[in-house]
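The values are calculated or read from the model by the stated rules, or taken from the named source; none is laboratory data. Keep in mind the model is a prediction, meaning the values are calculated, not measured. Positions of Cβ are backbone-derived with ideal geometry, glycine not excepted, and every protein chain shown enters the neighbour counts.
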Amino acid sequence: MQTLFLLTIAFGTLFLAACAFGEVPEKVDYGLVKADNEFGFSLFNGLAETSPHENIFISPISIAIALQMCYNGADGKTKSQMAEVMNIARMPIEALNQANQQLIWHLSSSEEVQLEIANSLWARKGVPFREEYITGLQEYYDASANERNFEDPAVLKEINSWVAEKTNGKIDRILDQLDPIAILVLINAVYFKGAWFDQFNANITKEDDFYLYGGGTQKVQMMFKRDDYNYLEADDFQAIRLPYKDRNYEMVIVLPAEGEDLSEFMKNKGTNWWNETLGKFSYLEGRLYLPRFKTEYDVTLNDALISMGMKEAFEETAADFSGITPADPAWISRVIHKTFIEVDEEGTEAAAVTAIEMVGETMAPIDPEEPFTMRIDRPFFCGIIERSSGAILFMGNIFKPN
């Protein structure tokens, strides 16, 4: 007879108080940022290949940290496969955890942009866990520990209420049900809210057409602003960097040339292209037309992660997560990811949650002569980044603004 071992890691906000970590070294480990960004692009490309002309919006840092929390309890081939997929094979666990601690502290330190990470641990009463695993997540990820009777249906409501609170209500639940024999739920939530450095004038926003892939149009509220922008124009795309109030966080928008397919354009793009592109921008005067947009996205990541090489973690007879519990082996049942983003004249609000469920038997730029015009009235790519570390918080293809 099988029983269920449920490990859920939901990623959603970015940390309310950096001081909760205690003394944290200020230096960011750029090797971890590079690994997370590469992992994010690889995963994004896999999702885009299976859903080529649909909205895709993910938080690479959310998924990476969620999986790395799970990775803390992996061993053997399960551990090595996870490490290879996430590009962290050369980082000892202690170094990885310290790097995440430093990165979370760094990302959450802005006084003008709200970027929070919140972690919590929900453990079933009476189930043995390895103390070093629990204390490690508390120390490095500031995870609050909550022991509960999982047979009480109020626990599921409490967990989802915590998620809703930490994402400011933008993601109101991560679990539709909690099996009464589940033993562990780890939740990690990301929330971002930033006002534009230069806001759009809502009085001149007007209805306009957004041209959909395959033909047809959708009515959108098109914002407009003429200004000096950090801008790039190449033969096959335009790109623009829109800073938030602290000028360290910014949205990067890439618009393929008219007639170009966004999916084909972004196909197999990675961090080399991304970093090269970010290095080519220059300030130019121009006219920007940007639609208000709002989208929610959810996806089960099992197939994408398995295709990337994280196979054994999902196999009942092979997975090794003995670092989590001394009970019988457990394996990942599903990885769920949910995101939200809304962009308007004032700025951007975004959130992400990642959930990992585990079960077990027992338990070249052009220099325009005149001001450029960038009319984002067709499918585009966008990302939210933190400039000083280079971390990609959110990224996605937008085929339909609403």
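A few remarks follow.
- Set side by side, the residues Asp377, Asp328 differ, and just one is in the same structural domain as Ser108 (by TED's automatic domain parsing), among the charged types (D, E, K, R) and in a loop (DSSP other than H, G, I, E, B), which is Asp328.
- With respect to the conditions (1) exposed (fewer than 15 other Cβ atoms within 10 Å of the Cβ); (2) in contact with a strand residue (DSSP E or B) (Cβ under 9 Å, 6 or more places away or on another chain), Asp246 lacks only one, and its number is (1).
- Residue, nearest to the chain's Cα centre (by Cα), within the range 104-142, restricted to residues that are in a helix (DSSP H, G or I) and of a type in the set (Val, Ile, Thr): Ile104
- Flag for Asn203 being crowded, with 17+ Cβ neighbours inside 10 Å, among the polar types (S, T, N, Q) and over 16 Å from Tyr297 (Cα atoms): no
- Boolean, Asp227 is over 21 Å from the mean Cα position of the chain (by Cα) and among the charged types (D, E, K, R): yes
- All positions within the range 157-172 that are surrounded by 15 or more Cβ atoms within 10 Å (Cβ to Cβ) and in a loop (DSSP other than H, G, I, E, B): Thr167, Asn168, Lys170, Ile171
- Exactly one residue out of Asp377, Asp367 is crowded, with 19+ Cβ neighbours inside 10 Å, farther than 24 Å from Ala74 by Cβ and modelled with pLDDT under 95, and it is Asp377.
- Among the residues of the range 44-66, those that are touching a strand residue (DSSP E or B) at 6+ places or on another chain (Cβ under 7 Å) and in a helix (DSSP H, G or I) comprise Phe44, Leu47, Ala48, Pro60, Ile61, Ser62, Ile63, Ile65, Ala66.
- Contacts under 8 angstrom Cβ, first residue in the range 141-160 being assigned by TED's automatic domain parsing to the domain that holds His106, partner of a type in the set (Asp, Glu) and at pLDDT below 90, 6 or more apart: Phe150/Asp179
- Test: residue in the range 274-284 that is in contact with a helix residue (DSSP H, G or I) (Cβ under 6 Å, 6 or more places away or on another chain) and either surrounded by fewer than 15 Cβ atoms within 10 Å (Cβ to Cβ) or at pLDDT 95 or above (or both): no
- Residue within the range 55-67 that is more than 20 Å from Met308 (Cβ to Cβ), of a type outside the set (Phe, Trp, Tyr) and either surrounded by fewer than 20 Cβ atoms within 10 Å (Cβ to Cβ) or over 16 Å from the mean Cα position of the chain (by Cα) (or both) present: yes
- Selected residue (only one of Gly309, Gly215 is in the same structural domain as Glu386 (by TED's automatic domain parsing) and surrounded by fewer than 19 Cβ atoms within 10 Å (Cβ to Cβ)): Gly215
- The number of residues in the range 183-210 that are of a type in the set (A, V, I, L, M) and out of contact with any Ser or Thr (no Cβ under 8 Å at 6 or more places or on another chain) comes to 3.
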